[in-house]
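Read-outs throughout are calculated quantities, based only on the coordinates presented, and are distinct from any laboratory measurement. Computed from a predicted model, the values in this text were never measured in an experiment. Please note: Cβ atoms are built from the backbone with ideal geometry, for glycine as well, and neighbour counts cover all protein chains shown.
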Amino acid sequence: MKSLFFSLLIVSTLAAAQAKQQTFTGTITDSMCPAGDHSRMRMGSTDAECTLACVSAHGADLVLYDGKEVYTLSDQQTPEKFAGKKVAVTGTLDTKTKTIRVDSITAAK
């Protein structure tokens, strides 16, 4: 029984070690316009307004678009103030779900 416990402990430790914190740079947009192209929806006069309108009126999620990939963000409150803006998101990526467990978000330089 002890060997099973230690084996599980080692496996879980290795899995946690593989998930490293990274910084991702991109634009905060919404899951209805994931590539940041709001021309089709145009729910506001700016990309930021459209993003926030899609989230509040249509239940879209805030996402990070880096120019190639779209990542779902675990934190859906902090990114609101960065809607339509380029940011740096620090967190851990779940590669299976393409979800970033957000630790921090700052304006990109």
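Pairs exceeding a 18 Å alpha-carbon distance, out of Lys20/Lys85; Lys86/Lys109; Lys20/Lys96; Lys68/Lys98: Lys20/Lys85. Charged side chains reduced to their Cβ positions (Lys and Arg at +1, Asp and Glu at -1) give the range 58-106 a dipole of some 120 debye around its Cα centre.
Annotation: peptides 95-107, 43-55, ranked by per-residue average of other Cβ atoms within 10 Å with the highest first, follow the order 43-55, 95-107.
Its convex hull of Cα atoms gives the range 21-107 a direction-averaged projected area, equal to a quarter of the hull surface, of 5.0 nm². Sorting the segments 71-81, 20-30 by their mean number of nearby beta carbons within 10 angstrom, highest to lowest, gives 20-30, 71-81.
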